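Structure record follows, encoded as structure tokens.
The values are calculated or read from the model by the stated rules, or taken from the named source; none is laboratory data. Because the structure is a prediction, the values reported are computed rather than measured. Cβ sites come from the backbone with ideal geometry, for glycine too, and all protein chains shown count toward neighbours.
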Amino acid sequence: MAVTVSEFNSVVESLWPTEFAEGWDAPGLLSGAPGDEVRRVLLAVDTVAATVDQAVTGDADVLLVHHPLLLRGVTSVAETGYKGSLLATLIRARCALIAAHTNADIVDDGTSAVIAARLGLIDVQPLIQGARPGTGLGRSGRLPEPSTLGRVALALGDLLPATAGGVRAAGAYDQPVSTVTLCGGAGDSLLGEPAVRASDLYITSDLRHHPASESREQSLHGGGPALIDIAHWASEWLWLDTAAAQLRRALPELEIAVSDLNTDPWDFVVTQ
């Protein structure tokens, strides 16, 4: 029996309910005809020209992404702009576009939880509790055995796909680390959370100069975590395999693939 876009989206909704997304977020079905048949699905972090082309040339019926294409309001989807062009390409190919963003971040097998599991953290809890038990933004836990900042940074380098920015750390290489807090994606807004301040290490992406500097200065003054900054795309790409496995279990008749394209916006760095 054929699966429709509407039925596929219902499964997505059951796994990552949009009602629990952050108020500023815009996940869900963005484009596509509800009655169209779904046979192939491609998962990616970003809706960009490369992943849209991969979906269309691969005859995907749905492109399921983490980041919503229309997160911020637009007044035109004319093909003179890249968003309008991407939408037009998908619509012409009858490939629906669905996003699971903060509604996928908060679940117990979401973006942050996947990083925590891959690091082997134990006693894992959300940093900020969600409306449902076991859900929430970020994760906190502890390493099975004490380690150091340098060894954790190296472990992340092995776990994550390679990016130009790599893994950046603030703190002494041999600084002891036992308790770890983390947030997949941009997480410097959580630097002031009590669990983050009390941890030995905070891992996130897109750490800006001033929040990172102030956090480090405060740690010298009265305690606080070492910091590790990882690429935003890489931190969330790890979740795609978990999401694909969940979709395969729910809809075994579908062909579910994960994009292997690196959509991190940075191409190279120059060291001095």
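A few remarks follow.
- Single condition Ile203 does not satisfy, out of (1) buried (at least 18 other Cβ atoms within 10 Å of the Cβ); (2) at pLDDT below 95: (2)
- Residue match in the range 32-39 (condition: surrounded by fewer than 19 Cβ atoms within 10 Å (Cβ to Cβ), among the β-branched types (Val, Ile, Thr), within 25 Å of Gln246 (Cα to Cα) and touching a helix residue (DSSP H, G or I) at 6+ places or on another chain (Cβ under 6 Å)): no
For every residue, the table says whether it meets (1) buried (at least 17 other Cβ atoms within 10 Å of the Cβ); (2) over 18 Å from Ala231 (Cβ atoms); (3) under 16 Å from the mean Cα position of the chain (by Cα).
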| residue | (1), (2), (3) |
| --- | --- |
| Pro126 | yes, yes, yes |
| Pro144 | no, yes, no |
| Gly150 | no, yes, no |
| Thr179 | yes, yes, no |
| Gly184 | yes, no, yes |
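- Any hit, the range 87-103, residues being within 16 Å of Trp233 (Cα to Cα), modelled with pLDDT of 95 or more and touching a strand residue (DSSP E or B) at 6+ places or on another chain (Cβ under 6 Å): yes
- Here Asp158, Asp174, Asp206, Asp188 are screened, and the one residue that is at positive phi, free of Cβ contacts under 8 Å to residues at least 60 places away in the same chain and either assigned by TED's automatic domain parsing to the domain that holds Leu127 or not hydrophobic (A, V, I, L, M, F, W, C) (or both) is Asp206.
- Boolean, Thr51 is in a helix (DSSP H, G or I), of a type outside the set (Gly, Ala, Ser), surrounded by 14 or more Cβ atoms within 10 Å (Cβ to Cβ) and touching a strand residue (DSSP E or B) at 6+ places or on another chain (Cβ under 6 Å): yes
- The range 67-103: number of residues that are assigned to a helix (DSSP H, G or I), loosely packed, with under 14 Cβ neighbours inside 10 Å and hydroxyl-bearing (Ser, Thr, Tyr): 1
- Conditions (1) outside any helix (DSSP H, G or I); (2) touching a helix residue (DSSP H, G or I) at 6+ places or on another chain (Cβ under 7 Å); (3) at pLDDT 95 or above: number failed by Val56: (1)
- Every residue from the range 11-23 that is at pLDDT 95 or above and surrounded by fewer than 15 Cβ atoms within 10 Å (Cβ to Cβ): Ser14, Glu19
- In the range 104-120, the qualifying residues are those that are of a type in the set (D, E, K, R) and not in a loop (DSSP other than H, G, I, E, B), and the one that is surrounded by the most Cβ atoms within 10 Å (Cβ to Cβ) is Asp105.
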